[in-house]
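Below is one structure, written out as structure tokens; comments come after it.
The values are calculated or read from the model by the stated rules, or taken from the named source; none is laboratory data. Values in this document were obtained by computation on a predicted structure and should not be read as measured data. Backbone-built Cβ (ideal geometry, glycine too); neighbour counts: all protein chains shown. SASA here: full protein model, heavy atoms, side chains in, ligands and nucleic acids out. Shrake-Rupley method; radii C 1.70, N 1.55, O 1.52, S 1.80 Å.
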Amino acid sequence: MKSLRWAPILSILVLALVLGGCAETVQTAAPGPSKTVLRIASPFKPGHILVDAAQKFKELVGQGSGGRLDVQIDAGTKSEEVINKANRTGEIEMQSNGTMFLQDYAPPYYFFTGPYVMKDFEHYMRAWNGKLGQAARTQLEKNDLKYLATIYRGLRQMTTKKPVYTPADVYGLKLRLPNVPTWLTVWRAMDASPIAVPLPELYNSLKSGKADASEGDLPQISSFKLNEVQTHLIITNHLVQTGGIVIHKPFFDKLSRADQDLIVKAAKETEDWANIKIKTGEAAILVDLQRKGMQVVIPDAESFRVKAK
């Protein structure tokens, strides 16, 4: 009779031990692989090729790492200048940005994106893949920036509220430019009155009348909807515009060799994908801007080139 009275108690104790063992198993289960975050910032809005490139890079890195490398994109919230400095100090890991990193951290090589220097993208890449480009990349690495990919953005054009045919037509024109000393100097030499305005303020500067005109690649003109505040698109082809995917070198150097190889490979694939996209899509952007009401003007480009030289 005593053994029968103890039977329910023994059963409860056995069950408690089993459950306790299960709980212990759950608590000590091996954790999954930790994620490494790569924040990549761009001053451009979604729809611009440099943001498209960041998204493609995110996709490739995510696939290649099984999600272990987590690329997070910040697009259109910070200026080119702010992003460039934050990337150099390691505040953010990466940038998909214009070439201000050359102006700030490899200034002797900023001529790569100077007005009327390069004839076309092929000319640009021949120089960039040669001794001059290698020297520029070495200088960037001395300033903690590792260059990963060149993104073609197309040729830069002008937008205005009036037709422009010769340099005489830009006399006194309040032309919005990024804060790039060499660019400001060239347009002053053509008798324009350039105004340095950060990229996030581009649209409002034209809408408010702070600036009369702008210049930029077709993806910039389209993604910022400048057709809403400008009436004419002037095909000056004055600059072969590129951007770059850049990573904070000390961060990159701490990664495993496998992760470094994955990032380099993904950046190269992104470069190829983005450049084909622009080369085949630039004409379509032009047609779309015309469809939205912009009048296309073909100026005397050689007269601009001669005066800018």
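Points to keep in mind about this one:
- Using C-alpha pairs below 8 Å separated by at least 6 residues, the relative contact order for the chain is 23 percent.
- Beta bridges per DSSP with both ends in the chain, % antiparallel, nearest 5: 55 percent
- Area of R137 that stays accessible when all protein chains are in place (1.4 Å probe, Å², to 10): 50 Å²
- Couplings 3J(HN,Hα) for region 244-254, derived from phi with the Karplus relation 6.51 cos²θ - 1.76 cosθ + 1.60 (θ = phi - 60°), are x, 9, 10, 10, 5, 4, x, 5, 4, 5, 7 Hz, where x marks Gly and Pro.
- Helix 2-27 and the long axis of the chain differ in direction by around 20°, with both axes built from C-alpha atoms.
- Residue-wise HN-Hα coupling along region 137-149, computed from phi with Karplus coefficients 6.51, -1.76, 1.60 (Hz; x: Gly, Pro): 5, 5, 5, 4, 5, 5, 10, 6, 10, 9, 7, 10, 7
- Cut-off under 5 Å, modelled amide H: who pairs with A149 long-range: I245
- Full extension of the segment from V287 to L255, taken as 0.36 nm per residue of separation minus the current Cα-Cα distance, would add 7.1 nm.
- Taking all protein chains together and rolling a 1.4 Å probe, D144 ends up with roughly 60 Å² accessible.
- Under a 5 Å amide H cut-off, with hydrogens placed 1.01 Å from N, T236 pairs with M158 among residues at least 5 apart or on other chains.
- When only the Cβ of Lys, Arg, Asp and Glu is charged (+1, +1, -1, -1), the dipole of the chain relative to its Cα centre reaches about 280 debye.
- Rolling a 1.4 Å probe across the protein heavy atoms gives the chain an accessible surface of 48 Å² per residue.
- With DNA, RNA and ligands ignored, accessible area of H238 (1.4 Å probe; Å², nearest 10): 0 Å²
- Under the Karplus curve 6.51 cos²θ - 1.76 cosθ + 1.60, θ = phi - 60°, whole-Hz ³J(HN,Hα) for region 124-135, x wherever Gly or Pro sits: 4, 5, 4, 6, 5, 7, x, 5, 5, x, 5, 5
- Using only side-chain charges placed at the Cβ, +1 for Lys and Arg and -1 for Asp and Glu, the dipole size of region 198-260 relative to its Cα centre rounds to 220 debye.
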